[in-house]
Amino acid sequence: MSFFGNSDLVVGLSSLLFIALIVYLKVPGKVAAMLDARADKIAKELDEARRLREEAQALLASYERKQKEVEELAQEIVTRARAEAARAAEQGRAELEASITRRLKKADEQIASAEAAAIREVKDRAVAVAIEAAGKVIAGKMTGEAAEAYLAQAIKDVSAKLH
């Protein structure tokens, strides 16, 4: 029987030679190094992904805080604007009331002045009519009865003009 005739022996010996060759060429070390490099690369990628996730979460939290601050500021601005509008409306109402009061006072003063002027004018006219009547009485040397009648008529005219 020949050496090559025993297939079990050839396969076993070939397997041993193949394993020895793999060990001699340091294939397991190279495979382990490649696997370690791949594991390191994956670990670095995972670390980078964690870091990016943490940065994204921090950035999201920062934006949420800023959004909340902006909303609070907007609410504060709206509140201030409403208060300012109410204050301006109240001030405008007060100024309008003061203006109306001033105008009413001025109108009352003008009415009083017009009344006083009218009374003065009536009095002046009454005096003028009385003087004219007295002048006619004196100038015409009227008789007593005619002068009295004329004077009575002048008084009626003055009385009518006063009312």
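The values are calculated or read from the model by the stated rules, or taken from the named source; none is laboratory data. Small disclaimer: the values here were computed from a predicted structure and weren't measured. Cβ sites come from the backbone with ideal geometry, for glycine too, and all protein chains shown count toward neighbours. Ligands, DNA and RNA are stripped out before the accessible areas are found, and what is left, the full protein with its side chains, is counted by its heavy atoms. Shrake-Rupley method; radii C 1.70, N 1.55, O 1.52, S 1.80 Å.
In what order, largest first, do Lys66, Lys156 sit by accessible area if the probe radius is 1.4 Å?
Result, largest first: Lys156, Lys66.
Based solely on its DSSP helices, what 222 nm [θ] is calculated for the chain when runs of n ≥ 4 H residues each add -39,500 (n - 2.57) and the sum is averaged over all residues, nearest 500 deg cm²/dmol? Working shown, then result.
Details: 3 runs with 151 residues, N = 163.
Roughly -34500 deg cm²/dmol at 222 nm, from the helical runs in the chain.
Given Cα positions, please report Rg to Rh for segment 17-57, the hydrodynamic radius being the Kirkwood one.
For segment 17-57, the value is 1.40.
Just to be sure I understand, if you calculate Cα Rg over 2.2 N^0.38 Å for this structure, which of [x] 4.14; [y] 4.08; [z] 1.22 do you get?
After the calculation, the listed value that fits is [y].
Largest first, what is the accessible-area ranking of Tyr150, Tyr63, Tyr24 with a 1.4 Å probe?
Output order, biggest surface exposure first: Tyr24, Tyr63, Tyr150.
Can you pull the percent of segment 1-148's accessible area that's carbon plus sulfur, 1.4 Å probe, other chains left in place?
Of all accessible area on segment 1-148, carbon and sulfur atoms account for 63 percent.
Taking R0 as 30 Å, what's the FRET efficiency between Ser14 and Met34 from their Cβ-Cβ distance, rounded to 0.05? Numbers along the way, then the final one.
Numbers: r = 26 Å, r/R0 = 0.86.
After rounding to 0.05, the efficiency reads 0.70.
So how tilted is helix 7-24 from the main axis of the chain? Cα-based, degrees 0 to 90, rounded to 10.
50
Would you mind working out the accessible area per residue for segment 1-86, using a 1.4 Å probe, and quoting it in Å²? Working shown, then result.
Details: 7790 Å² over 86 residues.
Counting only protein heavy atoms, the per-residue value for segment 1-86 is 91 Å².
Between Ala81 and Thr101, how many nm apart are label points set 7 Å from Cα along the C-beta direction?
The two pseudo-label positions are separated by 3.3 nm.
Among Ile22, Ile100, Val10, flag the residue with its Cα farthest along the positive direction of the charge dipole of the chain, charges on Cβ as +1 for Lys/Arg and -1 for Asp/Glu.
Of the listed residues, the answer is Ile100.
Please work out how much accessible surface Asp8 shows to a 1.4 Å probe, ignoring ligands, DNA and RNA, in Å² rounded to 10.
120
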